[in-house]
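One structure below.
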Amino acid sequence: MAVPPLPLTALLAMPLTFLSEVGPLLLFTTGIPLAGVLLFYLVLEPFLENRQRKRWLKANRTTMRSLMVLAHLAGRLRERVEPCPHCGTAEPEFWEHDRHLLVLRCGGCKRNFTLSQRAYPEIRLMLRLMPALTLVLMQIRQGPGSRLAAHLRHCCRPFTAYLKRIP
């Protein structure tokens, strides 16, 4: 026994009746959870991250001041350091530090050269403030995708080679 085909008007009317019967329930069961998820990720999470960032910055004021002084001294030292003797590039990168030495790396040929405390007076203060950079580096490693880490990376711009180098 063969089932007769439905007329075209009945086929076109079926989806509309389905949506009118099930649509509000479908919208209610999927729309409210979707709105909750969007509210959390677009409003609540950025608010909580900003609050966490402000708390960390407030708790570590001295570290941030030291980092600002360190960045200023790094800028002054970059202006005073002579160009690389190998390639002539005047783009030194901060690479490593020791008790009395600061190791810079040429941005062009990637060769290292050291500066001592006797050569430049800024180095003594920079070496004294390096633990602040280490503390900031540890915080960046804890939450690499957070707003705090992005803010700290922005503050550490003169030391990007040093941050990339340390595992």
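The values are calculated or read from the model by the stated rules, or taken from the named source; none is laboratory data. Predicted model, so just to flag it, every value in this text is computed and none were measured. Methodologically, a virtual Cβ is constructed for each residue, glycine included, from the backbone with ideal geometry; neighbour enumeration extends over all protein chains shown. Ligands, DNA and RNA are excluded from the accessible area calculation, which covers all protein heavy atoms including side chains. Shrake-Rupley method; radii C 1.70, N 1.55, O 1.52, S 1.80 Å.
List of remarks:
- Unique match (being under 20 Å from Cys155 (Cβ atoms) and surrounded by 13 or more Cβ atoms within 10 Å (Cβ to Cβ)) among Ala71, Ala90, Ala59: Ala71
- Residue among Phe113, Phe94, Phe47, Phe40 that is within 23 Å of His151 (Cα to Cα) and part of a strand (DSSP E or B): Phe94
- Of all the criteria given as (1) surrounded by fewer than 16 Cβ atoms within 10 Å (Cβ to Cβ); (2) more than 27 Å from the chain's Cα centre (by Cα), the one not satisfied by Glu122 is (1).
- Selection within the stretch 151-164 - out of contact with any helix residue (DSSP H, G or I) (no Cβ under 9 Å at 6 or more places or on another chain) and either without any contact (Cβ under 8 Å) to a residue 40 or more places away in the chain or of a type in the set (Val, Ile, Thr) (or both): His154, Lys164
- Count of residues meeting criterion [among the basic types (Lys, Arg) and in contact with a helix residue (DSSP H, G or I) (Cβ under 6 Å, 6 or more places away or on another chain)] in the stretch 42-62: 1
- Residue within the stretch 156-163 that is outside any helix (DSSP H, G or I), on the phi < 0 side of the Ramachandran plot and surrounded by 15 or more Cβ atoms within 10 Å (Cβ to Cβ) present: yes
- Subset of the stretch 93-119 (residues that are hydroxyl-bearing (Ser, Thr, Tyr) and open to solvent by 50 Å² or more (accessible area, probe 1.4 Å)): Thr114
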